[in-house]
Amino acid sequence: MRPLFPKIQPFHQQMLESGEHRIYVEQSGNRRGIPVLYLHGGPGGGSSEDHRRYFDPQKYRIIIFDQRGCGRSTPHASLTNNSTWDLLEDMEEIRQALGVKQWLVTGGSWGTTLAMAYGIKYPQHVLGFILRGIFLGTQSEVQWLYSHQGAAAIFPDYYQDFLAPMQPHIQQEPVKAYQQLLSSDNELGRYQAAKAWTLWEQRISTLHPNTQTIDTPEQLHAAVAMATLENHYFIHHCFFEADYLLNHIDTISHIPAIIIHGRYDMVCQLQRAYQLQQRWQNATLNIIPDAGHSGFEPGIINAFCQASDKMAVFIKEQLTD
């Protein structure tokens, strides 16, 4: 099993002004390396120092940013001008600001959604994709995750904790019910809702039981952004028309992609990754037999690091030709 690459520090950090939003952007690795953009999950998950560690720092110029309203970007949990299309323009502004002509676009979970949407809009700037834990941004996927049918049938005990902040008469439409809870004037109620929403996804993200809790102020701060932004995007159907990504996949099907998906992923269904690979002529699907959804289970780490090494060789050959 391949481990993550060693810990490294950014060689540059900046805040990019975009209207009322300030977007945190960092670079690490080799200043002259292959530009790679990593897109974190959520929406609202924020980036991690471990996301840098998927890539060989001698080969890659690693670019990571916190999407609007989360992580080190401000204002915190802001829904104003916060849509998929705004995030795509942030990505393009980052590319231009950093003087990148083309880059490898990578991400996990919601990051795969964003990566594909960016590629569809700006295919000329994409060298390739590494996509872990496919989410196509459809309502059926949201229903799988939050309704009474789907992941709830596998984790009924955890799902009861997810339903707990809601009154019984509104539990049939939990996403809509949470929108009210997360926008309430009751601060304590908002915090309780944010914790319950975020814990539900965290608990079902790993193959083995996840005992992670949300106790510290920093964890609660992150949970508020995660819950508020995820709910906002899912209420608005990820700002996509129905089946947007699959309907436009031909735009990027010539670009090489490595898709990584845990067989026991309960957050994002494997069948979506399989469906995508069937439509993407230049994509390979690597099903990890002993993994769920988390990007930091051993099998997922091994596959992602191998994929980044493979892409580095391929891109270098293409650029040389």
* Could you run through the range 34-55 and say how many residues are in a loop (DSSP other than H, G, I, E, B) and buried (at least 18 other Cβ atoms within 10 Å of the Cβ)? => 9
* Boolean, Met226 is in contact with a helix residue (DSSP H, G or I) (Cβ under 7 Å, 6 or more places away or on another chain) and over 30 Å from Trp280 (Cβ atoms) -> no
* If only one of Ala222, Ala242 is among the small types (Gly, Ala, Ser), part of a loop (DSSP other than H, G, I, E, B) and under 26 Å from Asp86 (Cα atoms), which one is it? -> Ala242
* Do we find that Ser253 is closer than 20 Å to Tyr146 by Cβ and either aliphatic (A, V, I, L, M) or assigned to a loop (DSSP other than H, G, I, E, B) (or both) in this structure? -> no
* First in the range 225-244 and within 17 Å of Ala117 (Cβ to Cβ), second anywhere and of a type in the set (Ser, Thr, Tyr) and surrounded by fewer than 24 Cβ atoms within 10 Å (Cβ to Cβ), Cβ under 7 Å, 6 or more apart -> Cys238/Thr84; Phe239/Ser83; Phe239/Thr84; Phe240/Thr84; Asp243/Thr138
* Subset of the range 74-117 [in contact with a Gly (Cβ under 9 Å, 6 or more places away or on another chain), part of a loop (DSSP other than H, G, I, E, B) and either among the aliphatic types (A, V, I, L, M) or over 26 Å from Ile301 (Cα atoms) (or both)] -> Pro75, His76, Ala77, Ser78, Leu79, Thr80, Asn81, Asn82
* **Members of the range 21-74 that are among the β-branched types (Val, Ile, Thr) and over 22 Å from Glu89 (Cβ atoms)** => Ile34
* Inspect all residues belonging to the range 296-318 and state whether any of them is in a helix (DSSP H, G or I), among the acidic types (Asp, Glu) and modelled with pLDDT under 95. => yes
* To do: Considering only residues that are within 19 Å of Met266 (Cβ to Cβ) and among the charged types (D, E, K, R), look in the range 197-229 and name the one that is surrounded by the fewest Cβ atoms within 10 Å (Cβ to Cβ).
  => Arg203
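The values are calculated or read from the model by the stated rules, or taken from the named source; none is laboratory data. None of the values given here were measured: they were computed from a predicted structure. As a convention, Cβ positions derive from the backbone with ideal geometry for all residues, glycine included, and neighbour counts pool all protein chains shown.
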